[in-house]
1. Could you compute how much accessible surface Phe25 exposes when probed at 1.4 Å, giving the result in Å² to the nearest 10?
2. On a full-extension model of 0.36 nm per residue, what is the gain between Glu51 and Ile34, subtracting their alpha-carbon distance, rounded to one decimal in nm?
3. Quick one: check the C-alpha center-to-center distance for region 317-357 versus region 166-188, whole angstrom.
4. Contour minus end-to-end for Ala319 and Tyr172, with contour as 0.36 nm per residue of separation and end-to-end as the Cα-Cα distance?
5. Given R₀ = 51 Å, FRET efficiency for Arg353-Leu218 by Cβ-Cβ distance, to 0.05?
6. For Leu81, put the label point 7 Å out on the Cα→Cβ axis and report which residues of region 201-239 keep their amide N under 20 Å from it.
7. Count neighbours as other Cβ atoms within 10 Å of each site's Cβ, and list the trypsin sites (Lys or Arg not before Pro) in region 29-68 that are DSSP loop with at most 12 such neighbours.
Amino acid sequence: MSKLQRDSLQNGTFLVIFALCAYLFWRTLEPIWIPVFLGLTIAVAVFPLQERMLKGRLGRQPGIAAALLTAAVLAIGIGILFFLVVVVGSRLVTFLKEAADRYQQKGATGLLGNDLSVLLARFGVDPATVQRRIGELTTDIAGTVGKTATTLLTATFSLIFIFIFTALTSYYLLVEGKEGTSWFVEVVPLPDGQMWELVQNVRDVTRAMLVGTGITALYQGVVAFVGYWIFRVESPLVWASLTGIASILPGIGTALVWVPIAIFLMATHHLAAGLGLFAWGALVIVFVADYILRPRLVGTRIRMNDLLVFIAIFGGVEAFGILGVVMGPIAVALFLGIVRIYQREYRPGGPPRTPDVTEPVKEGEELLQNAP
């Protein structure tokens, strides 16, 4: 057998074994990929703090720094989850049960005010039918929320499992630090410079999305509190906190909170307040945050124009659920990174001379492009 034939056989055998091992590894990782991804996200986000701590008093003790940072992040996450389930959840159940009791006591005549009834009649809608549907829907939601709270309590072991694996992943990735990243870059069969570029893209996207999501959630929670206070919604702090948490889902997330509240205000003889809250939520809470603030915070950090930011965020949520807020932008950024590497180093005609339209346009460049 010639050397060329032997080398081809060895290469083919290696590729088959490699593909089989990669498949088995993915089947092993698939059941726990969510906590692994969460741990990776935490490690990437807090790694700059890890480096600062190692340059300070901790010195050469990466294990202690990694443990402290992981514990701090998970403590914040547990605190938010506790607040959401116990405080906001109990208040939501009470609110829905009160609405259901109010409907049962007052019947169809007590839920809608005269102004709203006249408005519905003008559009050909029977107010009595709407009143009955609202009461039935409120009763069903109250029962569903109560069952959901019970389900959450029974899912405690699953949550503990996720937190443990998330903590382990974050801890070990922080301990490995740059050495683990360097090993990964050298293992992948691409030039090191190209791999470092892709790794940097993932870092930038992850940190930009976490910062952008955090600032957007804070903004939407604050302006939601102002709106609830202006239009005299009961427990404005609780509803504003729930609105801020719901903002993790862009666009429709906050609407799941302020839209039912606005409808409830209109249905309980507060037509002007309900319409005002609806306008406030659509313009100040949603439009400014999701279509102005979020793209500005994210797009300029990850070399992505506004259109691609929208595709990455909303498409990512549609494809991967809530984790798509980060996974979608990572996927788009990796694709753009590969495309730019191809244009720069693999394109047969050499690098293109036209500007990269996928990057965000700076103000000065925009003026130049619009000039005759």
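The values are calculated or read from the model by the stated rules, or taken from the named source; none is laboratory data. Everything numeric in this text was worked out from a predicted model, so none of it was measured. Because the Cβ atoms are built from the backbone with ideal geometry, glycine has one as well, and the counts that use them run over all protein chains shown. Just the protein is used for accessible areas: all its heavy atoms, side chains included, with ligands, DNA and RNA removed. Shrake-Rupley method; radii C 1.70, N 1.55, O 1.52, S 1.80 Å.
1. Rounded to the nearest 10, that gives 140 Å².
2. Values: separation 17, 0.36 × 17 = 6.12 nm, distance 2.58 nm.
Taking 0.36 nm per residue and subtracting the Cα distance, the gain is 3.5 nm.
3. Centre-to-centre (Cα) distance: 24 Å.
4. Numbers: separation 147, 0.36 × 147 = 52.92 nm, distance 2.86 nm.
Contour length minus the Cα-Cα distance gives 50.1 nm.
5. Computed FRET efficiency for Arg353 and Leu218: 0.75.
6. 210, 214
7. Numbers: sites: Arg52, Lys55, Arg57, Arg60; in loops: Arg57, Arg60.
Taking region 29-68 and a limit of 12 other Cβ atoms within 10 Å, the loop trypsin sites (Lys or Arg not before Pro) found are Arg57, Arg60.
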